[in-house]
Amino acid sequence: MMTTTAPTAGPRAAWSPRWLRHSLVLARRSLAKTSRNPATIVNGVVTPALFLVLFLYLFGGEVAGSTGAYLQYLFPGIIVMGAGLTGLISTGASINADLKNGVTDRFRSLPISRLAPLLGSVLADIVRCLVAVVLLFVLGTVLGFRIEGGAPSALAAVGLAVLFGFCVSWVTVLIGVLVKSTEAVMAFSFLTFLPLQLGTSLAARTDTLPGWLRAWVDVNPVTAAMDACRALLNGTPADGAVTTTLIWCAVIFLLFCPPSVAVYGRRE
C-alpha cells in the first residue's frame with residue numbers, strides 16, 4: 001500500500017491549523033520589525049511611565065495622603081495603560097503601511113490565510129505588551145510598589161491586562177484598514193487613546209466626579225480593567241470587575257475583529 005507524505009509537514013503541522021502557523025510566521029516578522037525599530041515598546045513604556053511619575057508626585061499627597069499609598073492605587077491602572085497603549089499605537093499603523101507599500105499585495109499572492117497578516121500583527125502585540133508590562137513592573141518596584149495579592153493574583157492581573165491589550169488592538173486594526181494614510185491612523189488612535197485611557201479611575205476614585213463624567217467612566221471598559229488589576233494586585237475585593245473585564249474583552253473582540261477581516265479582504 002502506497003503512503004504519501006506532505007512535503008512541508010513538520011512536527012507542528014500535525015496539530016496546528018494552517019492559518020495559525022501562517023499567523024505565527026507573520027507575528028515573527030512583526031517582532032523582527034520591532035527589534036529594528038523599538039519605538040512601539042518605548043511608547044508603551046515611556047508614556048505610562050511619565051504618567052506614573054507625574055501623577056505620583058503631583059497628586060500622591062493630596063489624593064491618598066502619601067506617595068506610597070497612592071502608588072498602590074495608581075500603578076495597576078498604569079499597567080493597563082501600558083498594555084493597551086502598546087497595541088493601540090503600533091498595529092493599525094503597521095497594517096496601514098503594509099497596505100500602502102504593496103506588502104499586502106505580496107501576501108495575497110501567497111497561499112496563506114487572509115486572516116494571517118492581521119492576526120500575526122496582533123499576536124506580536126501580545127509579546128510587545130508583555131515586554132512593556134514587565135518593564136513597568138520593574139519601574140513600579142523601584143518606586144516602591146509592592147504586590148499584596150500574592151503571585152497567582154499578580155499573574156492573573158498581568159494576563160488580564162495583556163488580554164485586554166490584545167482585544168483593544170483590534171480597534172486600531174479596523175482603523176488601519178479603513179483609513180488611507182498612516183498619519184490618519186495615528187491621529188484616530190490618539191483621539192481614541194485620550195477618552196479611553198484617561199476617562200477612567202486611573203488617577204483617582206470616581207465618587208467625586210461630575211455626573212456626566214462619572215457616567216462615562218462607569219461604562220468605560222478600561223475602568224473595569226484597571227479596577228480588576230487593582231483588586232488582584234492589592235488583594236482587595238474585585239466586586240465583579242474581573243468578570244466585567246472579560247465580558248468587555250469578548251465584546252470588543254467580536255465588534256472589531258470580524259469587520260477588520262472583512263474590510264481587509266475587500267481592500268485592493
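The values are calculated or read from the model by the stated rules, or taken from the named source; none is laboratory data. No experiment lies behind these values; they were computed from the predicted model shown. Don't worry about glycine lacking a Cβ; one is built from the backbone with ideal geometry, like all the others, and counts go over all protein chains shown. To get the accessible areas, we keep the full protein, side chains included, count just its heavy atoms, and leave off ligands, DNA and RNA. Shrake-Rupley method; radii C 1.70, N 1.55, O 1.52, S 1.80 Å.
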In a Gaussian network model of the chain with springs linking alpha carbons closer than 10 Å, the residue among M81, M226, M186 that fluctuates most is M186
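What are the membrane-span-like helices in the chain by this rule: whole DSSP H runs, Cα extent along the axis at least 24 Å, mean Kyte-Doolittle hydropathy at least 1.6?
Working: long enough: 18-36 (28 Å, -0.56); 39-64 (34 Å, 1.76); 67-101 (49 Å, 0.71); 116-143 (40 Å, 2.25); 151-178 (41 Å, 2.14); 241-266 (38 Å, 1.54).
The answer, listed by residue number, is 39-64, 116-143, 151-178.
Sorted by packing (mean other beta-carbon atoms within 10 Å per residue), highest first, where do 97-109, 244-256, 123-135 land?
Details: 97-109: 13.8, 244-256: 16.5, 123-135: 22.5.
Answer by packing, highest mean first, reads 123-135, 244-256, 97-109.
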Expressed in nanometres to one decimal, the distance between label points 7 Å along Cα→Cβ at R114 and L209 is 3.9 nm
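On full extension of the chain, what length is gained from F59 through F190, given 0.36 nm per residue of separation minus the C-alpha to C-alpha distance?
Details: separation 131, 0.36 × 131 = 47.16 nm, distance 2.44 nm.
Using 0.36 nm per residue and subtracting the Cα-Cα distance, I get 44.7 nm.
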Between the modelled labels at D218 and T236 (7 Å from Cα along Cα→Cβ) the distance in nm is 1.9 nm
Regression test value, accessible area per residue of the chain, probe 1.4 Å, units Å², expected 49 Å²
Once normalised by the length of the chain, the mean sequence separation of its alpha carbon contacts under 8 Å that are 6 or more apart gives a contact order in percent of 25 percent
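For the chain, with all protein chains present and a 1.4 Å probe, just round the carbon and sulfur fraction of the accessible area to a whole percent.
Values: 9060 of 13190 Å².
Answer for the chain: carbon and sulfur cover 69 percent of the accessible area.
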Computed for the chain: size of charge dipole around the Cα centre, +1 on C-beta of each Lys and Arg, -1 on C-beta of each Asp and Glu, debye to nearest 20, value 1160 debye
Simple SL model, points at 7 angstrom along Cα→Cβ for A250 and E183; separation in nm is 4.2 nm
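Restricting to Cα pairs below 8 Å that are 6+ residues apart, what does the relative contact order work out to for segment 207-256? Please round to a whole percent.
Values: 22 pairs, mean separation 14.1, N = 50.
Once normalised by length, the contact order is 28 percent.
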